[in-house]
Every structure is written in structure tokens, then in C-alpha cells.
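K.L.:
Once you've had a glance at the structure underneath, I'll fire off some questions.
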Amino acid sequence: MTASPHLTLVSDRLGAVRALYDALAADLAFPADAPPAAPDPAAAAVPTHEARLLDAGRREAWLTLIDADGWFWVPLSRGRHPGRDQSLILDDRRRLTERVWRFTDPNAWALQPEPRTVRSIGGVETWPCPIRPGEIIVASVITLACHDGRTPWTALGRQVHRLVPVPDEPAGFRIRHKILDLPALGGRHAAPGLAAVTARHRPRG
């Protein structure tokens, strides 16, 4: 019996979602067992460039760095899988565009006053992506300090970017995947300010 076109379409879309989630989990796990890095100065500059845009409040400019098929994932703890476990953030580019828009909405009281942030990026390493030739994996350490008019907080974590080369872009790349791993999200003694910020988001999963 031949499956209906509708069921075939649903099956194909489910398969694409599973493949995306597996790729995000693979990107997060890759640096832990990666071979020695293969330095790529242009790719290594992207996390710092991104941090500078975000700290300056240039969110629309930051959005131009995100690929049309880009995803931003913040797992609640290391070793998680977006297809099986809850996530603090699991957003595609459309959802990221909505988040940026909210900062311009005067009725978004939870974002007032607008938080001020400082991101410090270090320990940057780059590798050719093992599952998508031509793409680049960039791993880095991030220190994130935030003051939102309530309780200042600082968090230390790691982030992984998967970059797609785009020669016409000023940065030379777009961000296909960004994964932010903040250990404080999974701890019992998370900073009060960090807990307040995470409460603004409904876990996805």
C-alpha cells in the first residue's frame, strides 16, 4: 500500500527535525574529543565580533550574522539532546527575530530597563566540520556579565558555533548553529540574577 503524499511529507519533516537535533547535539559534544585545532583566524574572529554587536545593543546587525537556517540552542545542562530533553532556548531565526523585536516593544516590561552586558571571549579553537564539509566548528569560552537594574550576575560557560562560509558577508561567515553551555543553569546554587533571567524563558522541549 502506497503512503499518502501527506504522510510522506510529515515523515520527511520529522526526519529533518531529528537530523537537526542530532546535529546540534553532535556540535555540542564535538570539542570534548576533537583533534588538535586547525587555526582559521577569520572564523575565530566571529565569536568576538558577535559579542561586540550584542554588547553594543546592535541586535539587528547581529541578526544578519544568523543564517536563514540558523538555530540557537541553550541546553539546561551538558550532555543534553534537544530532541529528548528540555532546553532553556531552542530558537530558529524567525524566533530570534521576534526576540530582537521585543527589545523595541515599550510594553515588554520584563526587558525594562534594558539589560547591559559585557561578554569576554577566550580560548577560541576552530576545526573543519566533520559532518558538513566546508563548514567550520568554532569553540570558545565565554564570560557573560549582565546588569538589568535588579541583581547583577556573571556566568562562565562555553559556546560552540557552526559557521557557513559566505564570501559576500563582511564577517565572511554566517552562523548556522550557536550553542551556549552555561553550567550555572544546571546547578542548585545558580546566581540569583541568573535564575531571574532564566525565569523569563519557558523551557523548550
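The values are calculated or read from the model by the stated rules, or taken from the named source; none is laboratory data. Remember, predicted model here, so these are calculated numbers, not experimental data. Note that each Cβ is placed from the backbone with ideal geometry, even for glycine, and that neighbours are counted across all protein chains shown.
K.L.:
Could you tell me whether segment 160-170 includes any residue that is surrounded by fewer than 16 Cβ atoms within 10 Å (Cβ to Cβ), touching a helix residue (DSSP H, G or I) at 6+ places or on another chain (Cβ under 8 Å) and at pLDDT 75 or above?
P.N.:
The answer is no; no qualifying residue exists.
K.L.:
While we're here: Please go through segment 31-54 and give me each residue that is in a helix (DSSP H, G or I) and closer than 28 Å to G79 by Cβ, ordered by number.
P.N.:
Once the filter is applied, which keeps residues that are in a helix (DSSP H, G or I) and closer than 28 Å to G79 by Cβ, segment 31-54 yields P31, A32, D33, A43, A44, V46, P47, T48, E50, A51, L54.
K.L.:
Return the total of residues in segment 60-113 being more than 26 Å from R158 (Cβ to Cβ), among the charged types (D, E, K, R) and not in a helix (DSSP H, G or I).
P.N.:
1
K.L.:
Let me ask something else. If a residue has to be farther than 30 Å from A37 by Cβ, touching a residue at least 12 places away in the same chain (Cβ under 8 Å) and either surrounded by 19 or more Cβ atoms within 10 Å (Cβ to Cβ) or β-branched (V, I, T) (or both) to count, how many in segment 97-123 make the cut?
P.N.:
Count: 2.
K.L.:
Specify which of the listed residues (R94, R59) is more than 26 Å from A19 (Cα to Cα) and either surrounded by 15 or more Cβ atoms within 10 Å (Cβ to Cβ) or out of contact with any helix residue (DSSP H, G or I) (no Cβ under 6 Å at 6 or more places or on another chain) (or both).
P.N.:
Just one listed residue meets the conditions, R59.
K.L.:
Out of D148, D85, which single residue is more than 19 Å from the chain's Cα centre (by Cα) and of a type in the set (D, E, K, R)?
P.N.:
Residue meeting the stated conditions: D148.
K.L.:
Counting only residues that are touching a Lys or Arg at 6+ places or on another chain (Cβ under 9 Å) and hydroxyl-bearing (S, T, Y), which one in segment 124-155 is surrounded by the fewest Cβ atoms within 10 Å (Cβ to Cβ)?
P.N.:
T143
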